[in-house]
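Trainee: Supplied in structure tokens, the structure appears directly below.
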Amino acid sequence: MAGAKDIKNRIVSVKNTRKITRTMEMVATAKSKRMSNRVNAARPYSLKVGEIMRLLGGAGDSVDSPLLRKPEHLKKVALLTITANRGLCGGYNSNTLRLARETYEKYKSEGVEVVNYVIGKKGRAFFKFNRIPFEQDPPFRVDIDDLFTYEDSEAISEYFMDLFAQGEIDRLETISMVYHSSARQTPEKTLILPVNREEAETETGKKERDCGKDGEPCFEANVIYEPSPNLIMETLLPLIVKTAIYRALLEAVATEQIFRRIAMKNATDSAGEMIKILTMTYNRKRQAAITQEISEIVAGADSVG
């Protein structure tokens, strides 16, 4: 069993570790709050774009855009996996990468060619270690962190839109953590390309779609579009793709900070419990040593007497 001095050194070491984890928890709390605000600020715009897309409905059915191309046979799929650059964030990376691997193996079993694009150092290390092929040097940033900008996500969007328009890929899906609320985040895969107009619907849009029922007014049939619905839709389609990828990055980074805050809080709490146990052990050791010294002194005095 370790001596009292070793236990005291261990207590000092754990206290120093607790200071670090507590500081990291505070930093992650501030970052998660800032990223959550960015997610909430971007949500109304993306919802409104989707609502306008749905309201166009059949008015833009004749639009001819490469972003709406739906091949009869799926031959090549691009998977964009979004992970963190650092660890110490609980199950954030492992949950995302588990879904990415399952999706990759599912497509391969169906005979579909898969091209993997990975954002985040942890994800790239995982793919490299497991010998899963991925694009090593794509023409966009792969080290996205909480300081990334809309221009960074726009470069990613334009790259994949060009690939899809040229027919080099038939589908683009993102695999990332989706932010539902500060208390709930889940790993999900999201279809980005081709753009699915039927899914570009919000709760408001659904309510408007059901207009005319129960005496509710309905205005969709009387809308006059200027410019034409086709031109509006052609303008909106790239915006939908850019907004979807921007939101995926925002939500992934926000979720990473939430996971890190929780992980560091658990580590801080565990360090506190460990310090209590070590302190009790140290006190017992010290008390035993004092008792033994007193017994030796008394025994020595008796032998002299």
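Trainee: What are the ³J(HN,Hα) couplings of the stretch 42-47, residue after residue, when phi is run through the Karplus curve with 6.51, -1.76, 1.60 and θ = phi - 60°? Round to Hz, x for glycine and proline.
Mentor: Each residue of the stretch 42-47 in turn: 7, 5, x, 5, 5, 5 Hz.
Trainee: Can I ask one more? Can you give the relative contact order of the chain as a percent, counting alpha carbon pairs under 8 Å and 6+ residues apart?
Mentor: Taking the mean separation of contacting Cα pairs over the length of the chain, I get 34 percent.
Trainee: Counting Lys +1, Arg +1, Asp -1, Glu -1, what net charge surrounds R260 among other residues with beta carbon under 14 Å of its beta carbon?
Mentor: Working: positive: R22, K31, K33, R34, R86, K122, R261, K265; negative: E25, D145, D146, E256.
Taking every other residue near R260 into account, the sum is +4.
Trainee: Counting only residues 5 or more places away or on other chains, whose amide H sits under 5 Å from the amide H of V114 once H atoms are built in the peptide plane?
Mentor: The list, which skips near neighbours in sequence, is V77.
Trainee: Which of V195, V118, V14 ends up with the largest GNM mean-square fluctuation for the chain, with Cα atoms connected below 10 Å?
Mentor: V14
Trainee: Between A4 and T186, with labels modelled 7 Å along Cα→Cβ, what's the label distance in nm to one decimal, could you check?
Mentor: A separation of 5.6 nm, rounded to one decimal place.
Trainee: Output the relative contact order of the stretch 1-160, whole-number percent, from Cα pairs under 8 angstrom with separation of 6+ residues.
Mentor: Numbers: 106 pairs, mean separation 30.3, N = 160.
Reported relative contact order: 19 percent.
Trainee: Arrange the peptides 245-253, 151-159, 168-176 so that the one whose residues have, on average, the most other Cβ atoms within 10 Å appears first.
Mentor: Going from most to least packed, we get 245-253, 168-176, 151-159.
Trainee: While we're looking at this one, here's another question. Name the most mobile residue of E102, E188, E25, meaning the one with the largest mean-square fluctuation, in a Gaussian network model of the chain with Cα contacts below 10 Å.
Mentor: Ranking E102, E188, E25 by mean-square fluctuation puts E102 first.
Trainee: Grab the Cα-Cα distance for R284 and E168, subtract it from 0.36 nm times how many residues apart they are, and report the gain in nm with one decimal.
Mentor: 34.7 nm
Trainee: Simple spin-label model, 7 Å along Cα-to-Cβ: K48 to L239 in nm?
Mentor: Here the modelled spin labels are 0.9 nm apart.
Trainee: With θ set to phi - 60°, apply the Karplus curve 6.51 cos²θ - 1.76 cosθ + 1.60 along the stretch 143-158 and write out the HN-Hα couplings as whole Hz, x wherever there is a Gly or Pro.
Mentor: 10, 4, 10, 6, 9, 5, 10, 5, 4, 5, 5, 5, 5, 5, 4, 5
Trainee: Could you compute the FRET efficiency for V39 and N266, with r as their C-beta to C-beta distance and R0 at 22 Å, rounded to 0.05? If you can, show how the numbers build up before the last one.
Mentor: Details: r = 24 Å, r/R0 = 1.08.
Given R0 = 22 Å and the Cβ-Cβ separation, E is 0.40.
Trainee: For the pair R141 and L74, what calculated FRET efficiency results from E = 1/(1 + (r/R0)^6), where r is the Cβ-Cβ distance and R0 = 22 Å, to the nearest 0.05?
Mentor: So the FRET efficiency works out to roughly 0.20.
Trainee: Turning to a different aspect of this structure: Return the calculated 222 nm mean residue ellipticity for the chain, to the nearest 500 deg cm²/dmol, obtained by summing -39500 (n - 2.57) across DSSP H runs with n ≥ 4 and dividing by the residue count.
Mentor: -21000 deg cm²/dmol
Trainee: Then there's this: Determine the shape class of the stretch 90-198: with a ≥ b ≥ c the square roots of the Cα gyration tensor eigenvalues, call it rounded for a/c under 1.5, and otherwise prolate if a/b is greater than b/c, oblate otherwise.
Mentor: Taking the square roots of the gyration eigenvalues as a ≥ b ≥ c, the stretch 90-198 is rounded.
Trainee: Evaluate the chain: find the radius of gyration of its Cα atoms, find its Kirkwood radius, and give the ratio Rg to Rh.
Mentor: 1.24
Trainee: Of the options N85, S270, H73, report the single residue whose Cα projects farthest towards the positive end of the charge dipole of the chain (beta-carbon charges: Lys, Arg +1; Asp, Glu -1).
Mentor: The one lying farthest along the dipole's positive direction is S270.
Every number here is computed from the coordinates shown, using simple stated rules; none is lab data. Remember, it's a predicted structure, so these values are computed and weren't measured experimentally. Glycine gets a Cβ as well: all are built from the backbone with ideal geometry, and neighbour counts include every protein chain shown.
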